[in-house]
Each structure stands twice: as C-alpha cells, then as structure tokens.
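Only one structure is covered here, and it is reproduced in the block below.
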Amino acid sequence: MSKMVSKFALAAGFVLAMAFTFSCSPPDDGGEGGGGNGGNSTCSADFRTVTIGTQTWMAENLNCNVGGSKCYDNCAKYGRLYDWSTAMALPASCNSGDCSSQIQSKHRGICPAGWHIPSDVEWDVLVKFAGGSSTAGTKLKATSGWYDDENGTDDYGFSALPGGYGNSGGSFNDVGYNGNWWSSTEGSAFSAYSRNMYNYNSKVRRYDGLKSYLYSVRCLQD
C-alpha cells in the first residue's frame, strides 16, 4: 500500500472509507492469447482501493492485459473483461470442467500479492453491508458513467462502472448499461457465480454465468 488519496466518514454507520494506490507484480504474459494463463500472470499498474466495513476492495475494475482478456472501448475507464479461467489464473480447461480442487481459500488469480478474487460469500458480505440485493446497486454504482443518467450515489466509494460483457466469439454487449463481476466460486463445471448491476434498477443480482463469458474483475484484499 502507498499514498492515501482520500478519507471520508459515511453517514450511514459512520464507517471510514479510504482510497489507496498499489502496484501489482509484473506480468508473465501480457499478450492477447486465449484461455487460462497457467497460474502465473498478473499485471503492473496502480489502482485505487476503498475500505467498506470490514473489507478492502479495488475501487475500479481491473485493467490488466493478461491471457485472453479483452476490452470493448475504453479500457482506462471500464477496465478489461476476462473469462473465468483467466481471472482465476487456471488452465483454460477449467472453463468447461470442474476445477474445485484447484480453487484456494482467498484465491489470488490475476490479482496482486495480498489480494484475491472475491468468493460468492464475500460478495454477499459487501451487498448486505450496502443494504441488501434489492437496493445495494444504487449505493455501489458510480455517480457518472451509466447510460440514460441512471447513475448511483456511490455511498461507499466502490464506484461500480458498467463494463458490459463479452463472449468467446468476440462479441461485446451492454457497455454503459450493465456491469458483471466474477467470483471465485463455481456454480457447475461450466459456470461460476458473479454479481450484476443494471442501469435501470437499484439491484445487485447474483448470477450463475458460463465461465466462457467475459466479465469484469474486482480484487479483494486478503
């Protein structure tokens, strides 16, 4: 951790939130190849972070050019999109097979040292802290960047942005309209749990999506 950027007290619960920058470790593979990356690839960049309740999160979508990651338009704004095996730094075969034996507690994936891909349960902790799945979206969404002016209040500094999603065929959908973020928890051999926010409502939806889909990533501090 390095320089503190901001610190503010939240009206609800008087919880302190802080934003920092940190550096990831250098990448082993910065290319545009497909599938997983053998468990070694991370990236080098600075990211804002924020403490919400008992958790410290990235305050922006991961933007690391590793494995089969892609970006539709504005990587600097929305970050990059990753299939599940790439996000988890597991073999590409994990997108179509049960890899539960390879998933660690606080699974690092492509996150920097000391950070990990949040589990399904850890996403639940954040959503419950923000008021529950029916209303948490409004509190977690950024105050700008969502189409049709359907922005959030960003009560905690999470600043969720709508990076949309992609598929293995190369198409992209809903940039500006919805955001999707991976968890480390498998739903089946072909799927894993994620969280989804749309521009037109205040919900945070739990979704069991195909691992081959390309979603955004937020890392959580160990």
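Structure data summary
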quantity: Segment 66-175 - charge dipole about Cα centre, Lys and Arg +1 at Cβ, Asp and Glu -1, debye rounded to 20; calculated: 380 debye
quantity: In nm, spacing of pseudo-spin labels at Ser168 and Val125 (7 Å Cα→C-beta vector); calculated: 3.3 nm
quantity: Contour excess over end-to-end distance, with Cα ends at Asn201 and Tyr177 and 0.36 nm allotted per residue; calculated: 7.6 nm
quantity: Estimated FRET transfer efficiency when R0 is 30 angstrom, pair Gln55-Ala76 (beta carbons, to 0.05); calculated: 0.75
quantity: Cα centroid separation, segment 82-129 to segment 194-216 (Å); calculated: 15 Å
quantity: Segment 126-222, dipole about Cα centre (Lys/Arg Cβ +1, Asp/Glu Cβ -1), debye to the nearest 20; calculated: 260 debye
quantity: Cα shape, segment 50-149, gyration tensor, a/c 1.5 rule; calculated: oblate
quantity: Cα gyration tensor category, rounded, prolate or oblate, for segment 167-222 with a/c compared to 1.5; calculated: oblate
quantity: Rg/Rg_ref, segment 65-222, where Rg_ref = 2.2 N^0.38 Å and atoms are Cα; calculated: 0.97
quantity: Label-point separation, Ser133 to Ser105 (7 Å along Cα→Cβ), nm; calculated: 2.6 nm
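No lab work stands behind these numbers, since they all come straight from the coordinates. Values in this document were obtained by computation on a predicted structure and should not be read as measured data. With ideal geometry, Cβ positions are generated from the backbone for all residues, glycine too; neighbour counts draw on all protein chains shown.
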